[in-house]
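A quick write-up on the structure given underneath.
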Amino acid sequence: MAKKTKVPPQADGDSVSAKLDDGGAPHQTTDEGYPTLTTAQGIPVSDDQSHLRIGPRGPMTMEDFHFREKIFHFDHERIPERVVHARGYGAHGFFELTDDLSDVTIADIFQRVGEQTPVFVRFSTVAGSKGSADLARDVRGFATKFYTKEGNWDLVGNNIPVFFIQDAIKFPDLVHSVKPEPDRAFPQAASAHDNFWDFISLSPESMHMIMWTMSDRAIPRSFRFMEGFGVHTFKFLDADGAATFVKFHWKPVLGLQSVAWNEAVKINGADPDFHRRDLWDAITMGDFPEWELFVQLFDDDFADAFEFDVLDATKLIPEEQVPLRKVGRMVLDRVVDNFFAETEQVAFCTQNMVPGIDFSDDPLLQGRNFSYLDTQIKRLGGPNFTHIPINAPRCPVMHFQQDGHMAMTNPKGRVNYEPNGWGVELGGPREDRVRGFRSHDQEVQGAKVRARSETFADHFSQARQFFISQTPIEQKHIADALVFELSKVETPRIRERTVAQLRNIDEDLAAKVADGLGLTEMPAAIAPASAPITDLPPSDALSILKNGPGKFKGRKLGVLITDDGDPYLVAALQEGVMAAGGVMEIIAPKIGGATLSDGVLHPAKQKIDGGPSVLYDAVALIVSEDGAALLQKDGPTRDFIADAFGHCKFIGYTVAATPLLEKAGIADSLDRGCVELETVDDVTEFLDALGELRLWEREPLVDLDA
Ligand code: HDE
């Protein structure tokens, strides 16, 4: 009956429980054919319903080892959540090389076109706790673990290419300021509060990042529609040890898309798991999310000539200045078997670096290299977290490190040190001076100082460049976001100080925000440490809307139906959306669905109360006259339509839906984004329009902030 408890050392992504089942004694089964429930020690359990007690109403006995083990294990189920990026969601996939980079790096993963390397990716928000809502205004983490043949390479990036601070020593302050305030423990997953803006307005280096976090980049529609960036400058090393600077970029094949802020607020209520559900659904439906990996390569001459310091993580290098070279694609094609075992226990470390890639001296990156290992040891309970399957390399691991909590792969044999004289057979591993990881042979000199380089002093030029690269509607969103956030700040001087900083970016923006806050006087600009460059050209790559997908692929149409609705229109919508690579979901007054005029019942995915239009990229109302009369009394239906209109979505509707449009207050404002559906041709016209995703020209008419 004893169960074999040995856990095989090799990790291949299988869950631990699956491993425990491998090679054990033959499974025992109950008389009914279920596997027999056992304790963690493999002892069969006879009664899992009541603990052992003295008499049916008496006290419990200490002897109940099954109860004790079960409750103790439960009590220890939680591990500390990540200090930042606590809320996250991961998936497995592969990276495939499409262009070999052997001209600049010996990194094994970049040598053979067509070769696939397994990856695990975890997306996250930064500020919120593990249970917070997905649509917080926040940076998204985009962390990729490549299980290469020469060890794990972790590219621990974000969906924004710059960061708030220049030196890692400021990270605890930044994070403390954005997290819930320590006395009141709120607000959760929100930067809209005094401490954050107090810190930010006193840290001009954060202004470029603030432009990004106040833009729609911080409220993505889906992880699938986000870019990813390595942020820091790294180095590639060739066989001679020569270095080329490199920045990494991920671009989603489905294009970029974000939601509106008012929509984000409502999504958080309707479906706090909006992003994780989206990723889960896409992968389990076989619509695998895909990104392309690009590199920006440059040398010392470029670095010297560039307007800013390439080691400063608050700066990016515009694509127009150093073009992107496409090197591969990444496909996420497998959800996790178990969230905790994989997504929660995955331990990314920026210092997980492979031969052929190296760090630059970016002071933020250098600090991160120190921090991540420390945090994983604390979070996962000891130095053996690399034995956990999700973290274990998929290549041979040979060293003399040993013991510690939960050691599962202690080396065999007598020798646990080197040099040793036990020979090749018994002596264990040795360093490889040719293939082993080598750092860039770089000359460094200087006094030991605590200082910021003067080349890091320009804080506003790229903030301005980002702002002027946006379309007018995106600029409006930035102003609106600043007004929203600062309106939640209770202390007037913090609001004013922030506006004073904004004046160094763009006077019109500062004026709009001042007006939105109702400031009676424009605060004097805070003198910048270095005069901003005001003639940097706009970079189209920085705008989401200039890079819209122009297609509905991967998006979702919500169709509200009632009994006696038109089946031909519903069928045409279904067919058209599928052909476009999108998904259609039926919403109805009852979850059981609605019977269309051909007598066929269409089950609903959502009851109208649980399926507000914020969950969809576009909506259609295929209702009958009776159905409309019923729904006219319904608040959620009114909100469904009014919100879709207010969020600038495309709306298809049958004539019978007119009373509903009236009730929602939009009947007199119908525009080219509202398409009447009578024939199948109308449906085609409607579907053709959907690739535009939003009718932004509507926004100034429906939003006072404009
Ligand atoms: Fe992180 N960061 N970070 N960070 N970071 C963590 O590691 C840290 C920074 C990023 O899905 C922590 O496992 C310092 C920049 C991602 O598991 C911690 C500094 C960028 C994730 C940590 C930074 C990131 C983390 C918390 C300033 C974008 C989630 C738990 C120098 C390039 C990874 C953990 C995952 C997580 C430290 C700044 C991205 C504490 C000290 C810049 C995507 O180690």
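The values are calculated or read from the model by the stated rules, or taken from the named source; none is laboratory data. The shown structure was predicted, so the numbers you read here are calculated from the model rather than taken from an experiment. As a convention, Cβ positions derive from the backbone with ideal geometry for all residues, glycine included, and neighbour counts pool all protein chains shown. Heavy atoms of the whole protein, side chains included, go into the accessibility calculation; ligands, DNA and RNA do not. Shrake-Rupley method; radii C 1.70, N 1.55, O 1.52, S 1.80 Å.
Remarks
- Within the stretch 550-702, percent of DSSP bridges classed antiparallel, to nearest 5: 10 percent
- The stretch 464-546: Rg to Rh, with Rh as the Kirkwood radius over Cα pairs: 0.99
- Take the Cβ atoms of T471 and F437, set R0 to 41 Å, and the FRET efficiency comes out at 0.35.
- Stokes-Einstein diffusion of the stretch 494-621 at 25 °C, 0.890 mPa s viscosity, Kirkwood radius from Cα pairs, rounded to a whole number: 129 µm²/s.
- M398 accessible area, 1.4 Å probe, all protein chains in place, Å² to nearest 10: 130 Å²
- Euclidean distance of C-alpha centroids, the stretch 245-268 and the stretch 648-663, integer Å: 29 Å
- Full extension of the chain segment joining S50 with N547 gains 172.8 nm, where the gain is 0.36 nm per residue of separation less the Cα-Cα distance.
- In this simple spin-label model, placing a label point 7 Å from the Cα along the Cα-to-Cβ direction at both F288 and A447 gives a separation of 5.7 nm.
- For K512, K170, K476, the ranking by accessible surface with the largest value first comes to K512, K170, K476, using a 1.4 Å probe.
- Whole-Å distance, taken between Cα centres, linking the stretch 287-357 and the stretch 566-621: 39 Å
- Descending principal axes extents, the chain, alpha-carbon based, whole Å: 89, 78, 55
- With the simple spin-label model, which puts each label point 7 Å out from Cα in the Cβ direction, the Q28 to K326 separation comes to 5.9 nm.
- For R555, residues with placed amide H under 5 Å, excluding near neighbours: V583
- Calculated FRET value between N416 and F302, using beta carbons and R₀ = 45 Å, to 0.05: 0.40
- Summarised in one figure, the compactness ratio Rg/Rh of the stretch 550-702, Cα atoms and Kirkwood Rh, is 0.92.
- Cα→Cβ-extended label distance, 7 Å offset, between A527 and D103, nm: 4.9 nm
- Cβ-derived FRET efficiency at R0 41 Å, T39 paired with V175, nearest 0.05: 0.50
- Under-5 Å amide H pairs with G565, H placed in peptide plane, nonlocal only: S597, S624
- Accessible surface, per residue, of the chain when the full set of protein chains is kept, probe 1.4 Å, Å²: 47 Å²
- Helical content alone sets the calculated 222 nm signal of the chain at -7500 deg cm²/dmol, taking -39,500 (n - 2.57) per DSSP H segment of four or more residues and averaging over every residue.
- Shown in residue order for the stretch 690-695 are the 3J(HN,Hα) couplings computed by the Karplus curve 6.51 cos²θ - 1.76 cosθ + 1.60 at θ = phi - 60°: 5, x, 6, 6, 9, 9 Hz (x for Gly and Pro).
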